[in-house]
Amino acid sequence: MIRTVLGIALLATLACAAPVAAQTQRAPAPVIAPPPTLQTPYEPQLLRLAEIMGALHYLIGLCQGPENSAWRREMQALLDAEATGGERRERLVQSFNRGYGGFEQAHRGCTPAARLATQRYVVEARRLVADLAGRYGN
């Protein structure tokens, strides 16, 4: 009988002590955000180039067939060279996908407008590459 009473008393004590113990525990340390990713001075041009590459990947595939578009491979080479992981890679991929998706929504067939956009984007891509290589190339 005494064991039962002591057991009940012990359980009651533990049940009452648990909320007090929970109140005396320290709050977890605040989570500190990692420092923002440093951007290169040519980041805007690189993001624009990735967007153009996405658009060209779609447009050339639309007008000449998917086997004729090397722009996805070129984008992969850019990612391998410039962004092996992290936020930068994600931004470049998002830019590529934005370029692809924008033209995918606007063009369902190879129209004169699609061919003109392709020509203009090829010129802009060449200009960006020449500018990047001239300013920041080793």
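A short reminder: the numbers here are calculations on the coordinates, not readings from a lab. Bear in mind that the values here come from a model prediction, so they are computed numbers and not experimental data. Ideal geometry is used to build each Cβ from the backbone, glycine not excepted, and the neighbour counts take in all protein chains shown.
Residues that are more than 23 Å from Gln64 (Cβ to Cβ) and among the β-branched types (Val, Ile, Thr) within the range 80-127 comprise Thr84, Val93, listed in sequence order. Of the numbered criteria (1) surrounded by 13 or more Cβ atoms within 10 Å (Cβ to Cβ); (2) within 19 Å of Thr40 (Cβ to Cβ), the one Ile60 fails is (2).
Residues satisfying the criterion are present in the range 119-129 (criterion: among the hydroxyl-bearing types (Ser, Thr, Tyr) and in contact (Cβ under 8 Å) with a residue 24 or more places away in the chain).
Does Arg115 count as basic (Lys, Arg) and either in contact (Cβ under 8 Å) with a residue 24 or more places away in the chain or in contact with a Lys or Arg (Cβ under 6 Å, 6 or more places away or on another chain) (or both)? So Arg115 passes the test.
Just give me the residues in the range 67-112 being in contact (Cβ under 8 Å) with a residue 24 or more places away in the chain and small (Gly, Ala, Ser), in sequence order. Of everything in the range 67-112, those that are in contact (Cβ under 8 Å) with a residue 24 or more places away in the chain and small (Gly, Ala, Ser) turn out to be Gly86, Ser95, Gly99, Gly101, Gly102, Gly109. Inclusion of Gln94 among residues that are under 20 Å from Gln39 (Cα atoms) and polar (S, T, N, Q) is warranted. In the range 75-100, the residue that is farthest from Thr40 (Cα to Cα) out of those that are of a type in the set (Ser, Thr, Tyr) and surrounded by 15 or more Cβ atoms within 10 Å (Cβ to Cβ) is Tyr100.
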